[in-house]
Amino acid sequence: MELRLAGLTFEPFIAAADIAARVDTIARKLSADYKGTVPVLIGVLNGSFLFFADIVKQLDIPCEITFTKLASYHGGTQSTMKIREDIELNAAIQGRDVLVIEDIVDTGNTAHYLLEKLRLKQPASLKMCSLLLKPAALLKPVEELKYVGFEIGNEFVVGYGLDYQELGRNLKDIYKKVG
Ligand code: 5GP
């Protein structure tokens, strides 16, 4: 069923059941890959809040969690390339295994900005997990991006944490913009 948010129309794209199945697979892989370590998981707010929560609930390893808040779209449907840091990361990560959990990697600009900052703090390892990736929009490869939920085209999506003008984050399914 179509959906209207702040004047735009969206149609169903990725169903909640498919998201849950993918989350399950990724959480199993993370549990295996980080076995024997206590990673620090960094959630990038706001968009990753549901994905982050669903992933961490399914991990069967001990982990620490913390958050940072970055914004690049500022309410539109195109990446602005300007990043605003609303909540600064203050966790001590030197010598720790760090996993960044993102909602979506589009141009990769936000990922590069954050990973560069984290690298300077000298973690033992640094990887990224993103629910969605738009390969055709990526400006340069993100080496640390080792876990991806779904690769999608250059469509604008909302739901399961992702917004359009702050609306739609609470939707269980992911929708894409029509037209
Ligand atoms: P990038 O810096 O990779 O271009 O963009 C990353 C950020 O842009 C994401 O964290 C997200 O906030 C926003 N973004 C990119 N693509 C989409 C999209 O299709 N839908 C929504 N709602 N946000 C997006």
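Here are the numbers for this structure:
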quantity	calculated
Long-range HN-HN contacts of Leu45 with modeled amide H, under 5 Å	Thr68, Lys69, Leu70
Sites Val38 and Glu85 - FRET efficiency at Förster radius 25 Å, r taken between beta-carbons, to 0.05	0.45
Rg(Cα) / (2.2 N^0.38 Å) computed for the chain, rounded to two decimals	1.00
Under 20 Å from the Leu120 label point (7 Å along Cα→beta-carbon), backbone N, the range 82-103	82-101
Simple spin-label estimate for Thr25 and Asn170 in nanometres, 7 Å along Cα-Cβ	3.1
Mean-position separation - Cα centroids, the range 5-43 and the range 134-167, in angstrom	12
Per-selection Kirkwood Rh - the range 4-64 (Cα, Å, 1 d.p.)	13.3
Candidates Ser72, Ser48, Ser130, ranked by Gaussian network fluctuation over the chain, Cα under 10 Å, top entry	Ser72
Charge dipole of the chain about the Cα centre (unit charges at C-beta), most positive-ward option of Ser48, Ala17, Tyr147	Tyr147
Contour minus Cα-Cα distance for Leu138 and Asp60 (0.36 nm per residue)	24.9 nm
Of Lys35/Lys82; Lys69/Lys172; Lys134/Lys172; Lys146/Lys172; Lys69/Lys176, pairs whose Cα-Cα distance is over 28 Å	Lys35/Lys82
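Where a number appears in this text, it was derived from the coordinates with a stated rule and is not lab data. Model, not experiment: these values are computed from the prediction. As a convention, Cβ positions derive from the backbone with ideal geometry for all residues, glycine included, and neighbour counts pool all protein chains shown.
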